[in-house]
Each structure stands twice: as C-alpha cells, then as structure tokens.
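First up is the structure itself, then whatever we jot down about it.
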Amino acid sequence: MKITVYGIPNCDTVKKARSWLSERGLDYSFHDFKKQGVPPARLDHWLDAVAWETLVNRKGTTWRGLDEALKASVQDRASARALLLDHVSVVKRPVVEWPDGRVSVGFKPELFAEHLG
C-alpha cells in the first residue's frame, strides 16, 4: 500500500502536503474530492481511525456558510458522516492514508515525518 492523499487541489494545506511528499521523492496518489467525491468506505475507515470532530472543518468558509440548523445537527459520527458526504469542502484537509494503515488529518511536517518513521 502506498500513500494516498485526499483533498482539493487548490487548498493551500493540501498543496503544502503534496509538495512536502514530492520534495522527498515519495510516491503517492491523489484523490480529488471535487472531481471524485468522498468515498463512503474510506470515510468510514477515517471515522474509525480519528474522531469525527477531527474530520469536520469548522473553521472553513464552507462550514460558516452552512445553515445554522444543519450545523447544529452535527452531533455525532452518523450526522458528521452525512454532512461530509454531502459537503466535501467541509472535510478537513488533507486526509492521508499511510502505508501502515494509519490515517492523519491536516498537515504538519513533523507529523508527516513521524508517519514515515
């Protein structure tokens, strides 16, 4: 299994993560949420690996633009899952699946280096 990066290509954080991997000559595949959506089976895996609160980006413009009732309804894994499938831009990015099966969310160079070990 190789590294898979999930995100949106024009997201600055995704760009930084991809550049970091490329600068180190690491082979990875990229899954574009805008073109390919959020794969439901992968989302379930991520929700098993990290807290749903980690995956929901409550700081982004998409979240701020959501209806208040919808935002208030996100209370647990099931409601977060439904939201993330319907509004791909609310997924905190990048989500990375590492060769050992672990999942990380966001980009910090030290975290990426730790995953490569």
| query | What single numbered condition from (1) touching a Phe, Trp or Tyr at 6+ places or on another chain (Cβ under 6 Å); (2) over 16 Å from residue 2 (Cβ atoms) fails to hold for residue 31? | reply | (2)
| task | Check the stretch 64-72 and report whether any residue there is out of contact with any helix residue (DSSP H, G or I) (no Cβ under 7 Å at 6 or more places or on another chain), surrounded by fewer than 14 Cβ atoms within 10 Å (Cβ to Cβ), of a type in the set (D, E, K, R) and part of a helix (DSSP H, G or I). | result | yes
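Residue 54 - would you say it is of a type in the set (Ser, Thr, Tyr), part of a helix (DSSP H, G or I) and closer than 17 Å to residue 103 by Cα? Working first, answer last.
On the way: of a type in the set (Ser, Thr, Tyr): yes; part of a helix (DSSP H, G or I): yes; closer than 17 Å to residue 103 by Cα: yes.
Yes.
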| Residue list for the stretch 1-50, restricted to those being crowded, with 17+ Cβ neighbours inside 10 Å, aliphatic (A, V, I, L, M) and assigned to a helix (DSSP H, G or I) | 14, 17, 21, 43, 47
| query | Out of (1) under 13 Å from the mean Cα position of the chain (by Cα); (2) among the aromatic types (Phe, Trp, Tyr); (3) under 23 Å from residue 113 (Cβ atoms), what's the single condition that is false for residue 33? | reply | (3)
| message | Name the single residue that is nearest to residue 7 (Cα to Cα) among those in the stretch 73-99 being in contact (Cβ under 8 Å) with a residue 24 or more places away in the chain and acidic (Asp, Glu). | response | 97
| In the stretch 100-117, which residue that is touching a residue at least 24 places away in the same chain (Cβ under 8 Å) and in a helix (DSSP H, G or I) is farthest from residue 4 (Cα to Cα)? | 109
| task | Answer yes if at least one residue in the stretch 51-72 is within 15 Å of residue 2 (Cβ to Cβ) and out of contact with any Asp or Glu (no Cβ under 8 Å at 6 or more places or on another chain), and no otherwise. | result | no
| query | What is the number of the single condition among (1) surrounded by fewer than 16 Cβ atoms within 10 Å (Cβ to Cβ); (2) without any contact (Cβ under 8 Å) to a residue 40 or more places away in the chain that residue 56 does not meet? | reply | (1)
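Coordinate-derived values only; no laboratory data. Source: prediction; values computed, not measured. Note that we place each Cβ from the backbone using ideal geometry, even for glycine, and neighbour counts take in every protein chain shown.
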